[in-house]
Each structure stands twice: as structure tokens, then as C-alpha cells.
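Asks: The structure that follows is given in the form of C-alpha cells.
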């Protein structure tokens, strides 16, 4: 498994070899370095912590944790990278995905605030006629009889929508630019422009 973090950029379209045009999302993976290393002897498993940027007001605990690095990264995510021996301070580029055809991208979905059942769950809503002018987007009856005398947990109702961790699998890797460290994947990626995403390739 090869894993890399990046920042979601804009969407666009690219003409591929056969002349067809495909929608793509650009992901910026510039400036990603190894900020911490976990080993089998010390932590019980092998993993790398990839980071980006520099934190301006770190705590003393953070300074001590990244003492070997020399500064505290603004973003730090633990990942698994097989087949590469890396050290703290090494730069990780888009070239680790060379030879890969598809990737999985994980991000945090856009926040929608408090939404009703029509938008949140796709409910049909009520009638628009026969005096039901105030029932169009309502959920309808939610209660039950005397037994059980309550509403079961997990019922689909209005509430907070978005800000969920979502993984889109098997996105085709359309472009891999090692010079500018830009990755382009076919289709949409969860999250706002500029948000953190995790790219994985088997």
C-alpha cells in the first residue's frame, strides 16, 4: 500500500489519449515530508507520519515530539507506505504512485448545516394540493402506538448534514506530474477546495 496526503484543488477536464474528455479533480501534493516515524520496536508497528507546512505557535509538547525534525508541521497524518525506506525529513512526491492505475481518496464532506428530510434523506414530501400547502417538505408521521410508545433510535429525520469522512474508491489516475507534484483523478473528490485528502493506492 502507498499513501500520500494532499490538498484538493479545482475541478477541470482533460483530453485523454483516445480523444475523449474526462472530468478530473486536481490534488496538490507539494511539500509533503516525513515528520515522524513509528517502528515495530518502539510502537509495535511500522508507519510514517506525513506532514505539510509549519505551525507558528506550537506547544512545548509538540516541539518535543518533533524535536528531530526541527519544527512542528501544520498538518500531520499517520499513513502506511510499503516498499519504501524513508527517514525523518525526506520529501515524498507524487512519483510514489507511478505504475498505479487507480486510487482511493478520503476526505471530509462539505458541511450543509441543519437540513430537512427531503434534502438529507431524499424523502418525497407531502401533497401539494387539497390544502396541504404547509406539508410539502415535512417528514409525515414519526410516532408509533402505545407499544413501544416511543420513536426508535436511528429514524431518518432532519438534522446536521455533511462533515462526514467519506472515501471514494477506484478513481482512475489520469495525470501524474512529478515536477509540480500535481495529481489528477477522474471524477469528484469529497471536501471543499483546499481541504485535506488522503490518497491510497494498492
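Asks: Report the gain in length on full extension from residue 46 to residue 60: 0.36 nm times residue separation, minus Cα-Cα distance, nm rounded to one decimal. Write out the running numbers ahead of the final one.
Replies: Values: separation 14, 0.36 × 14 = 5.04 nm, distance 2.57 nm.
Result for the pair: 2.5 nm of gain on full extension.
Asks: Report the label-to-label distance for residue 74 and residue 147 in nanometres (one decimal), using points 7 Å from each Cα along the Cα→Cβ vector.
Replies: The modelled label-to-label distance comes out at 6.1 nm.
Asks: So if the hydrodynamic radius of the chain is defined as the Kirkwood radius over C-alpha pairs, what does Stokes-Einstein give as its diffusion coefficient at 10 °C and 1.306 mPa s, in µm² per second? Walk me through the numbers before you get to the answer.
Replies: Numbers: Rh = 20.3 Å.
Calculated translational D: 78 µm²/s.
Asks: Enter the Cα centre distance for the pair segment 11-68 and segment 153-202, rounded to the nearest angstrom.
Replies: Rounded to whole Å, the Cα centres lie 15 Å apart.
Asks: Could you identify which residue out of 144, 161, 11 has the top mean-square fluctuation in a GNM of the chain using Cα springs shorter than 10 Å?
Replies: 144
Asks: Which residue fluctuates most in the GNM of the chain (Cα springs below 10 Å): 22, 72, 105?
Replies: 22
Asks: Still on this model: Please compute the length gained on full extension between residue 137 and residue 84, using 0.36 nm multiplied by the number of residues separating them and subtracting their Cα-Cα distance.
Replies: Numbers: separation 53, 0.36 × 53 = 19.08 nm, distance 5.40 nm.
Going from the current span to full extension adds 13.7 nm.
Asks: Let me check the size of segment 116-161 from its C-alpha atoms; what are the radius of gyration and Dmax in Å?
Replies: Cα radius of gyration and Dmax of segment 116-161 are 12.5, 33 Å respectively.
Asks: What full-extension length gain, to one decimal in nm, is calculated for residue 114 and residue 38 as 0.36 nm per residue of separation minus the Cα-Cα distance?
Replies: Details: separation 76, 0.36 × 76 = 27.36 nm, distance 4.02 nm.
Full-extension gain reported as 23.3 nm.
No value in this document is a laboratory result; all are computed from the given coordinates. Computed from a prediction, not measured in an experiment: that's the story for all the values here. Please note: Cβ atoms are built from the backbone with ideal geometry, for glycine as well, and neighbour counts cover all protein chains shown.
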